[in-house]
Structures are given as structure tokens and as C-alpha cells.
Amino acid sequence: MRLFSDKQPTALFGLPSARERKLLTDALRTETAGGLLLLIAAVVALVWANSPLDDVYETVRDFHFGIPALGLDLSVGHWASDGVLTIFFFAAGIELKRELVVGELRRPAAAALPIVAAVCGMVVPALFYVGVNVAGGGQLDGWAVPMATDIAFALGVLAVIGTNLPSGIRAFLLTLAIADDLGAILVIAVFFTSTLNLFAFAGAVAGLVLYWLLHQKLRVHGWYVYVPLAVVIWALMYNSGVHATIAGVAMGMLLRCTPRNGEETSPAEHIEHLVRPLSAGFAVPFFALFAAGVSVSGSALAETFREPEALGIILGLVAGKFLGIFGGTYVAARFTKAKLSPGLSWTDVAGLSLLAGIGFTVSLLVAELAFTDAATREHAKAAVLIGSLISAVLACVLLKLRDAQYAKLWEDEIRDEDLDGIPDIDQPEDLEHRPTEYKRRAMAAAKARMEAEAQRRVEQEE
């Protein structure tokens, strides 16, 4: 049985097109830099919250300011999670729209594997959490905490260890994270909406309609129009009871992703280029600074490991993510007859599955939303940090063992023997000017013929 009717089997971790690789490189460069800042912010938060100045940390985090008359008198911590983090979700909305319209997710055969992997990578960790807390008598409210993958943190870890992941693996990881983000957005919108204020919600929807009309129909330009409108939409969404970050996702997905006559790039691509550094370089690290400051003393850690909620989160991130993504990818590959890209193995899928267990930004946000008890919330946040750390270490060990193979694949991707500025892998065969790429393709074709012949013989014997 096949899920799709494509004549050619899907290539798992296959090489993206030249245009996709360029977009991927630009996006990952920003996310990697942001991931490093995120790591620094998390370390600063942990050190600050466990130093003699911990009372200063709590005072700053809990300091309230805003406009009470508009229902916007928030603490610094809440401004970080409900306000500043909206920029991150806005960028995520743009990325999701681009992938659905012009990216890999527009093609069912290409989208099937990462989407199935992402769904399994959300469901299985949630089941781990529920199982642990049913057995241990814990709260079931935190089932969604271990569901999300933090792409920025994962890329920051990769930058630190210096592995040379080929574009196919990076593209799969990014697509997986985008599908994962969509699931997290839906979970936040559906399950973590408090009492709904219909008037405020209707106002937010009306603002989004106006935003769409100005952008899509009237083609109005100018940040001075959209920034004030975005603030109004965000404030109405916050007061409606729906988590305010959903406003960012909605505005990002309403942007046009296809260029019109005379445009070199689409508005979504242009705005994403401007906003992504702000998201990765400021919004996410700022949120981490006031969300990751939990106690890591010996007694606090011991108490964390005794709490079923914390254990459920740790097992969900480490074991649940691994089993969900690896198992989902394997099953989907079997049904779609997808084949691993030449030079890669299922060990690489295992390493990627472990890397996806790094659930930081969204996991910390969901932990804040899920638990009303301060002590449980702190234990849940500590569990997110512990689970992410364990996943990161295991992933680094496994991926680093394969780094020599990754380096060879990366060399094939960027080789330019004729020095024309275009990678040889994107050009026609030419034995005289691009002999190495010519020989690589010949060997790959010969191997494919041998595998096809072996498969034909097996089918004949059956």
C-alpha cells in the first residue's frame, strides 16, 4: 500500500533545490546565531536565579507595568511570554505560510514524512507524560509541555559542537520544527484559552480582517500603518482570553508569499528577513532570560526527580520524542517506500530524533500556562531544562560520530571545480570541467541500478 502515487519514491533527507538551499541557509544562519544567544540567556538566567542576587531576579521578573485601564498591567515575565514572544510566533507564522504555499509542505509526497514524524513526535511524548502521571498520581494538565521542539536551541547546540549536517537533514529538521510549531500553536489556541471575551475576540478578528484588506487588496505599504494595527490586534487578543501569541501567528500567515509583477521577493519573504533577526536575537533570548531562571540546587533537583509531572516531562522529551519521531519516520517511510538519501543511514534519523527532544521556548511557555501552582511550575521548567540537556548530549554524541560522513556530503554540496560561483551539484554533467561531480553521479547511478536489479530479483523470487 502507498499513501501517494508518485512514480519516484520520496528521498528521505534528499537534497533540496538550489533555491530552497539558499532560503534554508539564510534562515538557519539567523536561527543558529539566535540559538547561541538563547543558550547564553538561559545560562545567565540559571546563574542569576541561583546566585546571592536571586531576590533581584525575582523582583525584576515580577515587576508590573503597563496600562491597567486597558487590561495590560503585566509583570516583566508576562510581557516576555505574552508580548515579546509574539514576535517569535509572527516569524513562525510567516515561515509556516511560506512552507505551505511555496516550500516543501506544498507537495504531499515531500510533506508526508516530516508531518507524520512531527505528529508522532508530539503524540508519543504526551502519552509518556500522561502514563507517568496516571501511575504516579500527578497532574495531567502538563501533557503538552514535552510536545514542542526548539529549532533555535537545537541549531545553537549544533553550532557549538561544530557538526557538518548536510542540507537534506537540516531541511528535514526545519520542516519538522515548522510542523511541530503548528501543532503547538493549535494546542495553545484550543487547550489554553481561558474564559473567552467575545467582544475583545471579535475586535481582534476585525483587526485581522482590516490587516488582510490593507495588505492583500489595497496594497498599503508602510510600517507606521501595520505596527500600530498589530499592537491593537495583540491587545484585543490578549484581553479576549486567547493566548496573545496567536495574534502573531495569524498576522504572519496573512502575509502574501508569492511575488507579483515587478517584485523581486514577496512581502512575506521581505518582512521575514527583517523580523527574524529581531525574533532570534531579542525576543526568544529575552523570554528565556525570565523563563529559565529556576532553582538547580541539589535539594531542588532531588525534589524535581520525585515529582511525577517533572518525570513525565523529562521522559517525554528524551524517550517520547525519540520513539515518536524515529518510529513515525520509519513507518511513514515504509508506507511511502521512501529511501534514505545516498550516504545516510537510520543512525542519522536516530540522532535527529534525539535532537528534536530539545524543547525549550514553547515548552517553557506551555509549562507557565499549564500549571497554576508556583512550585509545580518551577519543577516543570526545571524538567524542561533537564530533558533538553539530556537530549542534547545524546544527540551530540550520536551526530558527532557521523561527522566525517556529513563532512563528505557537505563537500559534495558546495564543490565548485569550474569556479563559476554555482555548486557543481546544481549543474549538468561535465567530465572536463566538473570531473569529481561527474564521477560521483556515475557511482550513484551504478549503485542505484544494482539496488534496482537486486530488488527485481527479490520480487521475482517472491
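The values are calculated or read from the model by the stated rules, or taken from the named source; none is laboratory data. Everything numeric here is computed off the predicted structure, so don't read it as measured data. A quick note on method: Cβ atoms are made from the backbone with ideal geometry, for glycine too, and the neighbour counts reach across all protein chains shown. Quick note on the areas: whole protein, heavy atoms, side chains included, nothing else; ligands and nucleic acids left out. Shrake-Rupley method; radii C 1.70, N 1.55, O 1.52, S 1.80 Å.
Computed values, structure above
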| item | result |
| --- | --- |
| Relative packing of 329-338, 35-44, which averages over residues the other C-beta atoms within 10 Å, highest first | 35-44, 329-338 |
| Enclosed volume per residue, in Å³, of the convex hull spanned by Cα atoms of region 265-388 | 173 Å³ |
| Total lysine pairs whose alpha carbons fall under 15 Å of each other in the chain (8 or more apart, or interchain) | 6 |
| For the chain, accessible area per residue (1.4 Å probe, heavy atoms of protein chains only), Å² | 46 Å² |
| Contact order normalised by residue count of region 49-201, Cα under 8 Å, 6+ apart, percent | 20 percent |
| Nearest-10 value in Å² for the accessible area of residue 366, using the 1.4 Å probe | 10 Å² |
| Whole-Hz ³J(HN,Hα) from phi, Karplus 6.51 cos²θ - 1.76 cosθ + 1.60, for region 203-212, glycine and proline x | x, 5, 5, 4, x, 5, 5, 4, 4, 5 |
| Residue 444 versus residue 202: modelled label distance in nm, points set 7 Å from Cα along the beta carbon direction | 5.8 nm |
| Fraction of accessible area attributable to carbon and sulfur, the chain (%, probe 1.4 Å) | 66 percent |
| Taking only Cα atoms of the chain, radius of gyration then Dmax in Å | 23.4, 78 |
| The chain: relative contact order as a whole-number percent, Cα under 8 Å and 6+ apart | 27 percent |
| Distant-in-sequence amide H partners of residue 340 (H built 1.01 Å from N, under 5 Å) | 12 |
| Segments 132-144, 384-396 sorted - mean Cβ within 10 Å per residue, highest first | 384-396, 132-144 |
| Where labels lie 7 Å past Cα in the beta-carbon direction, separation of residue 70 and residue 43 in nm | 3.8 nm |
| Residue-count net charge about residue 292 - beta-carbon cut-off 13 Å; Lys, Arg +1, Asp, Glu -1 | 0 |
| Relative contact order %, region 219-354, counting alpha carbon pairs below 8 Å whose residues are six or more apart | 10 percent |
| Highest-first arrangement of 281-294, 213-226, where packing means the average Cβ count within 10 Å | 281-294, 213-226 |
| For the chain, with +1 on Lys and Arg beta carbons and -1 on Asp and Glu, the positive-most of 127, 48, 454 along the dipole | 454 |
| Kirkwood Rh, Cα atoms: Rg over Rh of region 169-303 | 1.04 |
| Alpha-carbon centroids, region 79-148 and region 291-365: separation in whole Å | 12 Å |
| Rotationally averaged projected area of region 165-212 (alpha carbon convex hull; nm²) | 5.0 nm² |
